[in-house]
Amino acid sequence: MVRTILRQVLASDRRGDEQVAFIEALRRQMERALKEERWRFADRFCDRILAEEPNDLQSWLVKGHLAWRYFDDPAAALSCFRKVVILGGFESSNACVAQARASLERLLAQLT
């Protein structure tokens with residue numbers, strides 16, 4: 001019985017490591033797409049990251065900026081920035097939350 005439990009725990013750790021590696025690979029692809037100004041590809045990589053890790057603040061922040069600056073979709077941008085603030089626990093000490101708050105402020109000022 002102990003042997004079975006240990007196998008399950010070790011297998012779970014390996015799956016976790018594989019998921020982390022997969023997300024990091026997706027993040028590198030997203031960063032590359034951003035550097036190459038391939039906005040739609042960057043957005044798709046954000047979606048894939050968020051499918052694996054729905055609470056990834058950085059991906060929500062990037063999606064918000066893409067929606068605002070490149071896809072002319074302020075409603076989607078507002079939604080993404082709000083999500084960052086909420087998922088980040090409203091903690092302005094978190095860099096992503098602070099950036100999302102500043103972006104929300106600028107976007108709302110632009111819309112009014």
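Derivation of every value follows stated rules applied to the coordinates shown; laboratory data play no part. Model, not experiment: these values are computed from the prediction. Neighbour counts run over all protein chains shown; Cβ positions are idealised from the backbone, glycine included.
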With labels modelled as points extended 7 Å from the Cα through the Cβ direction, what inter-label distance (nm, one decimal) is found for Glu31 paired with Glu105?
2.8
If R0 = 25 Å, then Ala98 and Asn55, at their Cβ-Cβ distance, give a FRET efficiency to the nearest 0.05 of 0.90
Percentage of interatomic Cα-Cα distances in region 2-111 larger than 25 Å:
30
Mean separation of Cα contacts under 8 Å (6+ apart) over length of region 2-111, as relative contact order %:
16
Mind giving me the FRET efficiency for Phe71 and Glu24? R0 is 25 Å, r the Cβ-Cβ distance, nearest 0.05 is fine.
0.45
Neighbour-count ranking for Trp60, Trp39, Trp68 (other C-beta within 10 angstrom, fewest to most) reads Trp39, Trp68, Trp60
Sorted from fewest to most neighbouring beta carbons within 10 Å, what does the list Ser59, Ser103, Ser79 look like?
Ser79, Ser103, Ser59
Fewest to most Cβ atoms within 10 Å: Lys63, Lys83, Lys35 sort as Lys35, Lys83, Lys63
